[in-house]
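Data block below; observations after.
Laboratory data are not the source of any read-out in this text; all were calculated from the coordinates shown. It should be emphasised that the depicted structure is a prediction, and the values quoted were computed from it without experimental measurement. Backbone-built Cβ (ideal geometry, glycine too); neighbour counts: all protein chains shown.
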Amino acid sequence: MAKGLIATAGVGVIIALGTIFVYLFSEVVPLFQGARLEQAQHFEMPGSDQAETLYVASERHQVAAVRFARDGVATFFNPRNGDVLDSVILDIPTGTVISSFAAAEPRSGVVAFGLSDGRALVVRHEYGISYPGGERKVTPSITYPLGEEPIRVSEAALAIRNIAVQEGARGFAIIAELADGSLHYARYEGRRNFMTGEMQLTRSLHQLPTPPYDVSRMLVDITLRNLIIGDEIGNLHYYDIHRPADAQRRDSVSVVEGVEGGVTAMEYLLGTVSVIVGGADGSLTQWFLVRDQDNIGRLTRIREFDRQPGAITHIFPEYSRKGFLVGDDSGHLGVHYATSARTLSVSKVSDDPITRVAMTPRNDGVLFAAGNQGLAYAGLHNPHPEISFAALWNRVWYEGREKPEYVWQSSSATDEFEPKFSFVPLSVGTLKAAFYAMLFAMPLAIMGAIYSAYFMTPRMRGYVKPTIEIMEALPTVILGFLAGLWMAPFVENHLPAVFSVLILMPLLMLVTAFLWTRVVPAVWRERVPPGWEAAILIPLVLFVGWISVYSSPWIEIALFDGDMRQWFTDQGIAYDQRNALVVGIAMGFAVIPTIFSIAEDAIFNVPKHLTQGSLALGATPWQTMVGVVLLTASPGIFSAVMIGFGRAVGETMIVLMATGNSPVVNFNIFEGMRTLSANIAVEMSEAARGGSHYRILFLAALVLFMATFILNTIAEIVRQRLRRKYSSL
């Protein structure tokens, strides 16, 4: 019956572990799936099908969308079937035509029309939501943020050949290239009346340096500081327009070399930091400004994406993520994501060139115009584009950073935030915490087990072993609480004491042992029964601890100018109050009982005939311990170490409470860390169920599960080999 119960329990454990693995794996698999584009539904072009489509966009509920056409008509329609909801004729002056068009960041809904008389009309498409009778009603409308009359961007009445528009926190920026090649900047700055909420704008006109090239696309960021221009020979040019009177071209880089048509499409990603550049050769690259050693921003090529089959015709960024949609002249539609450098999908959706593309605000639908086929809508399933193996384990060049880095930062206060999901800081933090805990616990536990099992008198062993094993029942949350609120400030204020203990304790123990064996008279030594010598060290340990703490301020004044922490900082060594030293000591106390108990049992259970035979042959007790006992007990000692290591790797509460939970990549003992287990505990309550962040935390659990499984498997293989090797003793 016992055999059957034990076998059943063992199989049950295996099944439970397998079930856990399957469940974790099922939650993780969707992270690495690509985007799926549904079958496109084509419908006739809303409004006039004779006029060129300049821009399309949808509101978030996919009830209404807008199409701006070359004839100056804004048509609102149902994006799923093309039914016209409303049409608005824009205030284009009689006798003028639309010569250029540009759209600001999609979230603003702002677009600009460059006119043939040198003026520009800025409009905004908006969608009011009401709930009459409890049902949602979306009411589209057109507004004029800079007035219904077209505005003049320069004194010259020449046609605007290229235009760029952007709305920022302080107003609007309009950049216009006129027919003569000159570049003009109309800046609208304003202050919002805190009583009425109205924005009062003031206009200023500026002329920028004339570009010596044919402009193909212009972009302004939402800070209204940076202008990026693409030309027809494949170059990007960066202008600093923060001070328009002193504006100048700061940087020029080559994007597409030797390709006729050069830069054919260009668009800012969410937040207007990164620029996606499409070329006539189908190339797609990401660029943003990186400051050099002189603190000057330089356009830098960050990454490239899979090449599209045809020349890039239009790029549309996602509303809430760093992804983008691409159309080319061979009828292909591509879905890409910047941070993970993934090309999630490239689909052939038309035989004609795609002229305009748009993604819905919730990233679940696509609108596109292809040739003379009207418009088409396709559902899009793309829930987790942020994740790739490269983004998780390699250095990634994030926006605003000077170089590729390992970073974990899952949330922020801004919508433009770029999630950073590198597992390297968490994995390094896990190993760092376990390493310092084992560095503290392993020598104490193993040496204590050796002395307790072999040298200590049975009576003293009867006190020591149960006392240490009771430590294992102490809740780790208590250890973490004491470490974070008491030990961390104590260590910070008594740093010399910590190092004094590390130096003085072993030194004075050796001195005491020398005096006991060489100086103390034999009569006194014989009064201490064999195996009770360790009791002599108890007052020594207490004395060393007291003298180290007492002398700490004097040592700090004498050697470190009164502040050892500041001395570390001056030497370039960062010091955090809650650091790996504190975690190592606290977690070491949690791990010591596990290692001690298993190792002590393994040593104590070495057959007596082996030790007695060794002693009978003339070996000393210490030689017997090193040459016979340790070898025979090595499988058990190794198991104790690996079980303790597994405990340290999976520990949560101590790390959570005794560190700053900062995901850094270093092994500095004076800095904190964030471990995989602590990260799961901290962020699981904040993660939306089924979202990318949620599944990444499951991936962290799977990584932790697999790491401990592999380590335990290796440990068991080594233990079995040690057991076979020394079983003949």
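Near Ser410: Cβ cut-off under 9 Å, other residues only, Lys/Arg at +1 and Asp/Glu at -1. The net charge is -1. A simple spin-label model places the labels of Arg362 and Ser87 3.0 nm from each other, with each point 7 Å out along Cα-to-Cβ.
If the chain linking Arg723 and Arg243 were pulled fully straight, counting 0.36 nm for each residue of separation and taking away their Cα-Cα distance, it would gain 165.1 nm. Placing one equal scatterer on every Cα of the chain and applying the Debye formula, the log10 ratio I(q)/I(0) at q = 0.07, 0.11, 0.12 Å⁻¹ is -0.68, -1.15, -1.30.
Ratio to report: Rg/Rh of the range 424-726, with Cα atoms as the point set and Rh obtained by the Kirkwood method; give two decimals. It would help to have the intermediate numbers written out before the result.
Values: Rg = 22.1 Å, Rh = 21.6 Å.
On the Cα set of the range 424-726, Rg over Rh gives 1.02.
Once the Cβ-Cβ distance between Ser252 and Ile714 is put in as r, and R0 is 51 Å, what FRET efficiency do you end up with, to the nearest 0.05? The computed FRET efficiency comes out at 0.40. Under 18 Å from a label point set 7 Å out along the Cα-to-Cβ vector of Leu559, the amide N atoms of the range 488-503 belong to 491-503. Summing Lys and Arg as +1 and Asp and Glu as -1 over all other residues whose Cβ lies under 12 Å from the Cβ of Arg217 gives a net charge of -4. Listed by chain and number, the lysines whose alpha-carbon sits under 24 Å from that of Lys322, ignoring those within fewer than 8 places in the same chain, are Lys348, Lys403, Lys420.
Against the main long axis of the alpha-carbon atoms of the chain, helix 2-28 sits at an angle near 30°. Dividing the mean sequence gap of close Cα pairs (under 8 Å, 6+ apart) by how many residues the range 424-726 holds gives a relative contact order of 33 percent. Averaged over residues, the count of other Cβ atoms within 10 Å places the peptides 354-367, 394-407 in the sequence 354-367, 394-407, highest first.
Distance between the 7 Å Cα→Cβ label points at Tyr23 and Glu148: 6.4 nm. Inter-label distance, Leu474 to Leu515: 2.9 nm, where each label sits 7 Å from its Cα along the C-beta direction. Using C-alpha pairs below 8 Å separated by at least 6 residues, the relative contact order for the chain is 10 percent.
Hey, any idea what the orientation-averaged projected area of the convex hull of the range 617-729's Cα atoms comes to, in nm²? Working shown, then result.
Numbers: hull surface 41.1 nm².
That works out to 10.3 nm², a quarter of the Cα hull's surface.
Shown here: the range 411-457, whose C-alpha atoms stretch 68, 17, 10 Å along the first, second and third principal axes, sorted largest to smallest.
Can you tally the net charge around Ala488? Count Lys and Arg as +1, Asp and Glu as -1, for every other residue whose Cβ sits under 10 Å from the Cβ of Ala488.
So the surrounding residues net to -1.
I'd like the orientation of helix 495-518 relative to the chain: the angle between its Cα long axis and the longest Cα principal axis, in ° from 0 to 90, rounded to 10. Once rounded, one gets 20 degrees.
Remind me, relative contact order of the range 85-138 in percent, using alpha carbon pairs under 8 angstrom and six or more residues apart?
Values: 60 pairs, mean separation 12.0, N = 54.
Here the relative contact order equals 22 percent.
Helix 537-560 and the longest principal axis of the Cα set of the chain meet at an angle near 40°.
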